[in-house]
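Q: The structure's right below; bear with me while I get my questions together.
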Protein chains: 2
Amino acid sequence: MKTKRFHVADRVVLETRKKVWRGTILDSYDPEVVLLKLDSGYNIGIPESEIINAELVEPAKPSRGKKLTIQKKKGLKNVALVISGGTISSRVDTRTGAVKPSEASDIISMCPEVSNICNIVKVVRPFMKLSGDISYREWKVLSEVIFKLLKEVDGVILTHGTDTLTYTASALSFFLRNLSKPIAVTYSQKSIDRPSTDASLNLLCAAKYATSDIAEVALIGHESMNDDYCLAMPATRTRKMHTSRRDAFKVINDLPIARISKEEFKILREFRARSQCETVLDNRFSEKVALIKVHPGSDPDILKFFERKKIRGVVLETTGLGQVPTEEARLNWLPKIRSAISCGMTICAVAQTLYG
Amino acid sequence: MKTKRFHVADRVVLETRKKVWRGTILDSYDPEVVLLKLDSGYNIGIPESEIINAELVEPAKPSRGKKLTIQKKKGLKNVALVISGGTISSRVDTRTGAVKPSEASDIISMCPEVSNICNIVKVVRPFMKLSGDISYREWKVLSEVIFKLLKEVDGVILTHGTDTLTYTASALSFFLRNLSKPIAVTYSQKSIDRPSTDASLNLLCAAKYATSDIAEVALIGHESMNDDYCLAMPATRTRKMHTSRRDAFKVINDLPIARISKEEFKILREFRARSQCETVLDNRFSEKVALIKVHPGSDPDILKFFERKKIRGVVLETTGLGQVPTEEARLNWLPKIRSAISCGMTICAVAQTLYG
């Protein structure tokens, strides 16, 4: 193996019969393939067997990984940071150009002002997942981790990918009853090490929220495209409305709880206050649930499919206030709904019109 | 049968062993059951067999049904009215209190100003359906009816229920290519004979749109809760955002085409103009399509169900820009998507975030 002596982040020249490649060695899962980041920015995988000559141009600089040292400042509240994945928890490895999960130290060191707001006394990383892969089981894990942390700290910040963030935040607000301390769920659309990141402000505002008197699960994120204000948005009343904008999240049919900036913390409506209540963990949740979006011509036999899958509850996202195609339509939903209910399925209808 | 001599809208007193009922006779589908509108407004069905005595209090007044007389005014454009159902096409039968499909004459007589804007030279009612029951087949019928009408008139008004109105309007805009005349699709949230109806303004503005120079399919409806302005909204860029408000429809990521009131007609952006183009009817459309909304924990086996149903194309409403649960999730969608594609299914991804 001509490349065995190379390390990640070494600059090398690799020669194959067809071409000479210059670039930086990346982590490769396949030991038979060398992964190279080219100077163009593209990555290429070169089978070890095709390499006829390999030269080290410049050895890797030592990794800048720092140990997280927690310095507690007197008078500041103690906050725990729970990292679950997503863009806010990833960074570009400057040595190689690859995107990697970031260390807690990266997250905090990129927003040093957090240390003037609270003491991050604990960092927990129960898993690292893209939010698209997060579901019931992860909600349970997160609720358990946070439930435990709430006994030790004054507030919790959870970092999460944006795609299913509102689902997770809602689940947490249902699972953690009688909440007595603030839980700030935050994100970023650009990773924290990039110049235009939205992570710094989100994290700073999340820290302010986590030390506030508001004992609710709130989503903390940019109010607009500007990098000045964040909103604290109620978990169950907020929806992701844009895939990639900083202000991706919007409160639907409600007011944000607070507007937060570096300088300000303005309460916008009534809220559940920090208290001595004993928070109750109730994360019983059946995985046997499904959601169906009803559309013109949609086939009610889908209920049969879910019956066979032993699905116990179905949310129908209906047209109108609860309208499904009836006997006047090509495919009549009513007998299929009746049959599913008689087989023990619980069916509830919601409107697909977002504002009521 | 003690009630055989009664007619719809007769005021009667019916005596059963348990109670005496006063009210107005309604149409009943079951000859064994007398349907009565009580003075309280509630309807009750009384089995004929339980009636021990029945008395006529006041016979029905003759129906006020009027024939539609079309008076053409010189200089006005000719417009066709296509009635497909929905609230705008229904009215309360003042004799009985039941909601019934209205006659074309009702629709027009409730908004007499329309006759100052255009000549309604033709009224067509290809079917009468709640919009929840309207689907591919009705879209085809409507496109054919309107295609034919466009050769005879200067513009078309289509009245439609609100729940699936944007689906139908979109379908029409795809089916009628090279459109050369305006098609105004309109609705009401309250039936046209009720004092606070939104139908009059919508119909008036639809008439103004149908005589305009804009050769696009547009949805005409209230701009706000006030009864002053309507917007002409582009068919494929408009979504129902509220189940019951007058301004239920909102343009997403685009501008309305025009703002219309009794006095004004203000163009808000570029538009396709009325022309001599020959409109092409292309309403080939496969019924073998489905939409799946992806959510945390959703089961990719649903693709197998659609394969068995011979569904040829699936739209996945994904989280993020095209994210589905992957190998890190409890249920991995990727192999199931690959398998469906290899079986010939076309799968396309859209974002469930409404604004991009």
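Q: Would you mind telling me the antiparallel percentage of the DSSP bridges in the stretch B:144-226, rounded to 5?
A: Numbers: 0 of 8 bridges.
Counting only bridges with both partners in the stretch B:144-226, antiparallel ones make up about 0 percent.
Q: Can you tell me the FRET efficiency between B:Glu55 and A:Glu270 if r is taken as the Cβ-Cβ distance and R0 is 41 Å, rounded to the nearest 0.05?
A: E(calc), rounded to 0.05, equals 0.10.
Q: If you don't mind, another one. Can you tell me the dipole magnitude for the protein assembly as shown around its Cα centre, using point charges on the Cβ only (Lys, Arg +1; Asp, Glu -1), in Debye to the nearest 20?
A: 360 debye
Q: Would you mind giving the mean number of other chain beta-carbons within 10 Å of the Cβ of each residue in A:157-164, as a whole number?
A: Partner-chain Cβ atoms within 10 Å, mean over residues of A:157-164: 3.
Q: In what sequence do B:Met233, A:Met345, A:Met128 fall when counting other Cβ within 10 Å, fewest first? Each step should come with its number before you reach the end.
A: Details: B:Met233 27, A:Met345 19, A:Met128 14.
With the fewest neighbours first, B:Met233, A:Met345, A:Met128 line up as A:Met128, A:Met345, B:Met233.
Q: Between rounded, prolate and oblate, where does the stretch A:77-281 land on the alpha carbon gyration tensor, with a ≥ b ≥ c its root eigenvalues, rounded for a/c under 1.5, else prolate if a/b exceeds b/c? Each step should come with its number before you reach the end.
A: Details: a/c = 1.35, a/b = 1.23, b/c = 1.10.
In terms of gyration-tensor shape, rounded.
Q: Now for a different question. List the GluC sites (Glu not before Pro) within the stretch B:136-176 that DSSP assigns to loop and that have no more than 15 neighbouring Cβ atoms inside 10 Å.
A: Hits after loop and neighbour filter: B:Glu152.
Q: Taking square-rooted eigenvalues a ≥ b ≥ c of the alpha carbon gyration tensor, is the stretch A:11-58 rounded, prolate or oblate, where a/c under 1.5 means rounded and, failing that, a/b exceeding b/c means prolate?
A: Rounded.
Q: What 222 nm value per residue comes from the helices of the protein assembly as shown, counting each DSSP H run with n ≥ 4 as -39,500 (n - 2.57) and dividing by all residues, nearest 500 deg cm²/dmol?
A: -5000 deg cm²/dmol
Q: At most 10 other Cβ atoms within 10 Å and a DSSP loop assignment: could you name the trypsin sites (Lys or Arg not before Pro) in the stretch B:281-319 that fit?
A: Numbers: sites: B:Arg284, B:Lys288, B:Lys293, B:Lys304, B:Arg308, B:Lys309, B:Lys310, B:Arg312; in loops: B:Arg284, B:Lys288, B:Lys309, B:Lys310, B:Arg312.
Those that pass, being in a loop and sparsely packed, are B:Arg284, B:Lys310.
Q: Over the whole of B:297-303, what's the average partner chain Cβ count within 10 Å per residue? Rounded to a whole number, please.
A: 5
Q: Identify, among A:Pro47, A:Val34, A:Leu14, the residue whose Cα sits farthest towards the positive end of the charge dipole of the stretch A:1-54, taking +1 on the Cβ of Lys and Arg and -1 on the Cβ of Asp and Glu, with the dipole about the Cα centre.
A: Sorting the options by dipole projection puts first A:Leu14.
Q: May I ask you to sort B:Tyr187, B:Tyr136 by Cβ crowding, counting other Cβ atoms within 10 Å and putting the fewest first?
A: B:Tyr136, B:Tyr187
Q: Another one. Taking loop as defined by DSSP and a crowding limit of 15 other beta carbons within 10 Å, which trypsin sites (Lys or Arg not before Pro) in the stretch A:173-229 fit?
A: Loop-located and lightly packed - A:Lys190.
Q: Compute the separation of the alpha-carbon centres of the stretch A:309-328 and the stretch B:184-250 and state it in Å as a whole number.
A: 27 Å
Q: Moving to a separate point now. So which cysteines in the protein assembly as shown don't have a second cysteine's C-beta under 4.7 Å from them?
A: For the protein assembly as shown, the answer is A:Cys111, A:Cys118, A:Cys277, A:Cys343, A:Cys348, B:Cys111, B:Cys118, B:Cys277, B:Cys343, B:Cys348, because their Cβ atoms have no other cysteine Cβ under 4.7 Å.
Q: Quick one: putting +1 on the C-beta of Lys and Arg, -1 on the C-beta of Asp and Glu, what dipole do you get for the stretch A:11-58 around its Cα centre, in Debye to the nearest 20? Intermediate results must be reported in sequence, preceding the final value.
A: Details: 6 positive and 9 negative charges, 52 e Å.
Taking the Cα centre of the stretch A:11-58 as origin, the dipole is about 240 debye.
Q: A 24 angstrom limit on the alpha carbon distance is what I want to check against. Which of B:Lys190/B:Lys262; A:Lys4/A:Lys190; A:Lys309/B:Lys240; A:Lys129/A:Lys208; A:Lys190/B:Lys240; A:Lys310/B:Lys288 exceed it?
A: As for pairs spanning more than 24 Å Cα to Cα, those are A:Lys4/A:Lys190; A:Lys309/B:Lys240; A:Lys129/A:Lys208; A:Lys190/B:Lys240; A:Lys310/B:Lys288.
Q: Run the numbers on chain A and let me know its relative contact order in percent, using alpha-carbon pairs under 8 Å that are six or more apart. Don't skip to the answer; put the middle values down first.
A: On the way: 772 pairs, mean separation 41.0, N = 356.
Relative contact order for chain A comes out at 12 percent.
Q: Rounded, prolate or oblate: pick one for the protein assembly as shown, where a ≥ b ≥ c are the square roots of the eigenvalues of its C-alpha gyration tensor, a/c under 1.5 means rounded, and failing that, prolate if a/b is larger than b/c, else oblate.
A: Prolate is the answer for the protein assembly as shown, as a/c is 1.5 or above and a/b outweighs b/c.
Q: If you don't mind, there's one more thing I want to ask. Expressed as a rounded percentage, what relative contact order does the stretch A:138-239 have, with Cα pairs under 8 Å and six or more residues apart?
A: Dividing the mean separation by the residue count of the stretch A:138-239 yields 27 percent.
FYI, it's all coordinate maths here, none of it is from the lab. Keep in mind that what you see is a predicted model, and the values were worked out from it rather than measured. Because the Cβ atoms are built from the backbone with ideal geometry, glycine has one as well, and the counts that use them run over all protein chains shown.
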